[in-house]
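This report refers to the structure that appears directly beneath it.
Just so you know, all these numbers are worked out from the coordinates, no wet-lab data involved. Here the structure is a predicted model, which means the values were calculated and not measured. As a convention, Cβ positions derive from the backbone with ideal geometry for all residues, glycine included, and neighbour counts pool all protein chains shown.
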Amino acid sequence: MRDSSARDWNFIVRERLVNLRLEAWQQEEIIAELAGHLEEVYEGLCAKGICKADALQRSLEEIDWRELSRKIQSARSEGVFMNDRTRQFWLPAFVSLAISEGVLLALSFIIPMYSRLWQIGPVVLYGPWLLSLPAAGAAGAYLSRLAGGGRRALLGAVWFPAIVGLGFICGGLLITLVMGVRVFARPQWFYVSLALIVGVILPCVALWLGSLPFLKEREART
């Protein structure tokens, strides 16, 4: 029988990683892997003729336990943060954006098929799109709240379509300033202000209205 079989390597590792804040299954996986590694090192040293006490000491010195605990905890924290950020902000934000842009794309295909409607002007496209935004905001808010997102993550996801719209407006201004290409008609201050109102402010309000039930529900739970 191998001498190492009498040693509880799992217990030895667990004693040195006692402060790990992990799920039970994760902790057992790490302990089992390290225990197997230590046992192999110990047996290798014993096979070289090193006495058992020295082999045990040198096996344990193979690992910087404090540094290992720090790295495991750091890796766990980063992984959880990234997963939470994806579930609480990025996924709801892209769902909200997809609904917003999907409705706009569908309207841009459907409305030109009816010449009388199209003759009314851009409002016939903008109006239904604006009315659809509360649904986009509600979807983003629901998904963010379902994932445990805070108020900031929830509102960020809800307003993501308006933030994208603001990015396009800022991009147009940058092109005008850097390249001298006129993006907005004159007087530019008027059309920039109009673009901010119809492309950012009104959509923000519509998206926010859709998120209100979920904001109130979250505040009530808090």
Point to revise | Qualifying chymotrypsin sites (Phe, Trp or Tyr not before Pro) for the range 80-145 [loop in DSSP, other Cβ within 10 Å: at most 15] | key: Y114
Review point. Placing +1 at every Lys and Arg Cβ and -1 at every Asp and Glu Cβ, with all other atoms neutral, what dipole size does the range 86-221 have around its Cα centre, in debye to the nearest 20?
Key: 200
Exercise for review: Return, for the Cα atoms of the range 86-221, the radius of gyration and Dmax in Å, separated by a comma.
Suggested key: 16.7, 53
Revision key, fill the gap. Karplus ³J(HN,Hα) for the range 119-135 (6.51 cos²θ - 1.76 cosθ + 1.60, θ = phi - 60°; Hz, whole; x = Gly/Pro) runs 5, 5, x, x, 4, 5, 8, 5, x, x, 4, 4, 5, 7, 5, x, 5
Practice item. Read phi for every residue in the range 95-112 and hand back ³J(HN,Hα) as whole Hz from Karplus 6.51 cos²θ - 1.76 cosθ + 1.60, θ = phi - 60°, with x for Gly and Pro. Key: 5, 4, 5, 5, 5, 4, 6, x, 5, 4, 5, 4, 5, 5, 8, 7, 4, x
